Each structure stands twice: as C-alpha cells, then as structure tokens.
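The values are calculated or read from the model by the stated rules, or taken from the named source; none is laboratory data. If you're wondering where the values come from, they're calculated on a predicted model, not measured in any experiment. Neighbour counts run over all protein chains shown; Cβ positions are idealised from the backbone, glycine included. Areas reflect the complete protein model, heavy atoms only, side chains present, ligands, DNA and RNA absent. Shrake-Rupley method; radii C 1.70, N 1.55, O 1.52, S 1.80 Å.
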Amino acid sequence: MGVEGDLPNDIKWQFTGVVFRDQNSGISDYGAYGSMWVLAPDDDPMGARVTPPFQGATGGPNGGPIMTLKGEDIDLFFHPRSGFPGQVLPVGEVLSFAGHVGPPLDSKLTITVTSPGGLETTITGQANHVGYFYQPEDDLVVDEAGVWQVQIQVLHDGLTSSGPTTEPYPTGGVLGADGGSYEIYVVEGEQPDYEVSGPAQGFLRISSVPLKPIAFHGQLPNNFQNASFSWAITK
C-alpha cells in the first residue's frame with residue numbers, strides 16, 4: 001500500500017464477523033475476531049513470527065515488541081480515527097474520540113483534553129473485545145478557537161489469547177506523539193487562510209536522521225500581527 005508499498009512498522013488490522021442462526025433450535029449468535037499485522041524490518045533478529053502480545057507477559061512465547069519506534073519498544077497503542085493529531089475543526093463542532101487499540105484487545109483508555117483556556121476534560125472507557133473504542137456520550141463541543149491539547153493513555157490489565165496479563169501492565173499512547181501529547185486545531189468560521197508558498201504542495205520525502213528543519217514560507221492575512229504558527233506531521 002502507498003507510493004513505496006509496505007514499509008517497516010506499517011500496520012494492518014484483520015477483522016472477521018460471523019452470524020450463526022439455527023431455525024430448528026431458534027439459536028442466533030454473533031461473533032467477531034480481530035488481529036493485527038506489522039511489517040518487521042529485514043534485519044529484525046527474530047524474523048517473521050506469529051505470537052501473542054506483550055513479550056511473554058501473558059504466559060505465551062516472547063515475540064518481542066510490536067515495533068520499535070523512535071528507539072522505544074512499543075507493546076500497546078491507540079490509533080485514533082476521530083480526534084486524531086492535526087485535525088482541524090470549526091468552533092461549535094463536535095469532537096469525538098474513536099479508533100482502534102493495537103493489538104486489538106479490550107484495553108482501557110484515559111483521554112485528557114485541554115482547551116486553549118486551560119479547561120481540562122478527562123474521558124475514561126474501555127474498548128470492545130476487538131479493540132474498537134467510541135463512547136458517544138463523551139463527545140465534546142469545541143467552543144474556543146485555538147490549539148487544543150490531547151493526551152491518550154491505553155492500558156491492558158485483562159485477558160489475551162495466551163492468558164491474563166501480569167503486572168507491570170502494558171501501557172501505550174498514540175504512535176509518534178511527543179511525550180504522549182498532540183494537538184487539535186479549532187478555528188473561527190470565515191477566517192482567511194495563511195498563504196503558504198513553501199514547501200510546495202505534494203510529496204515531501206523525509207529521509208535524513210536526524211531530520212533536517214522544514215522551512216515554511218508564506219504571507220499572513222493583513223489583520224494578523226505577531227502570530228504564532230502551529231503544525232503537525234501525520235502519515
């Protein structure tokens with residue numbers, strides 16, 4: 001998938017649903033299955049494998065971390081599909097937090113949202129048995145323009161395919177988030193756009209380690225002075 005095909009640390013989820021109905025007995029049942037695939041780098045010392053999560057902490061074999069990202073072993077994470085890093089919303093819009101736990105388990109989540117004015121809201125809940133999380137009753141109305149800070153922690157202290165999880169329980173957050181925190185942007189309606197002349201629109205290859213600075217060039221609208229610039233890089 002993508003311009004260059006599958007790359008190390010690319011993730012895919014597999015979901016299966018089953019509906020069982022027996023007319024003779026009147027029994028109806030529904031089932032779902034979820035699993036996750038991660039592409040290991042060619043030089044991974046363990047090679048390709050299929051293992052339970054959490055590096056043997058549930059009684060199964062130690063298959064290593066899900067991935068290594070920014071020098072850190074990752075055992076658990078949350079992938080938001082709403083309320084994601086860099087999302088832009090108008091004032092008065094509803095902000096929902098929904099997404100998938102990786103690996104797909106019924107893990108527990110704590111979401112802390114801080115408005116530009118410093119008002120803090122905490123959402124707690126648990127994903128379903130295939131790792132999907134969404135609680136409509138916790139939708140927020142973003143009523144203030146500016147940068148909203150989001151921090152998500154996910155913890156698993158329950159069962160897995162190889163047994164119960166033992167302490168210290170695995171924890172994680174949103175992949176790549178700086179210190180576990182990221183930003184969502186809320187804007188007033190009918191505001192003029194910031195005219196960006198560089199970098200040009202299109203595919204920007206980032207290959208150097210450490211990353212070289214990316215310079216943004218453009219023109220602020222006439223009614224803005226001493227403005228600050230916020231940005232997010234997402235994949």
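Observations
- In region 120-144, the qualifying residues are those that are touching a strand residue (DSSP E or B) at 6+ places or on another chain (Cβ under 9 Å), open to solvent by 80 Å² or more (accessible area, probe 1.4 Å) and not in a strand (DSSP E or B), and the one that is nearest to Tyr182 (Cα to Cα) is Asp143.
- When Val19 is tested against (1) open to solvent by less than 70 Å² (accessible area, probe 1.4 Å); (2) of a type in the set (A, V, I, L, M, F, W, C); (3) more than 19 Å from His100 (Cβ to Cβ), just one condition goes unmet, and that condition is (1).
- A Cβ distance below 7 Å, combined with a sequence gap of six or more or placement on separate chains, defines the contacts here; from region 113-140, residues that are farther than 18 Å from His100 by Cα reach residues that are among the aromatic types (Phe, Trp, Tyr) and buried (at least 16 other Cβ atoms within 10 Å of the Cβ) in the pairs Val113/Trp148; Thr114/Trp148; Ser115/Trp148; Pro116/Trp148.
- Among the residues making up region 107-139, those that are within 26 Å of Met36 (Cα to Cα) and β-branched (Val, Ile, Thr) are Thr110, Ile111, Ile123, Thr124, Val130.
- Gln201 vs. criteria polar (S, T, N, Q) and not in a loop (DSSP other than H, G, I, E, B): no
- Checking Ser28 against (1) of a type in the set (Ser, Thr, Tyr); (2) more than 19 Å from Gly173 (Cα to Cα); (3) within 24 Å of the chain's Cα centre (by Cα), the condition it does not meet: (3)
- Only residues that are outside any strand (DSSP E or B) and more than 17 Å from the chain's Cα centre (by Cα) were counted across region 68-119, and they come to 9.
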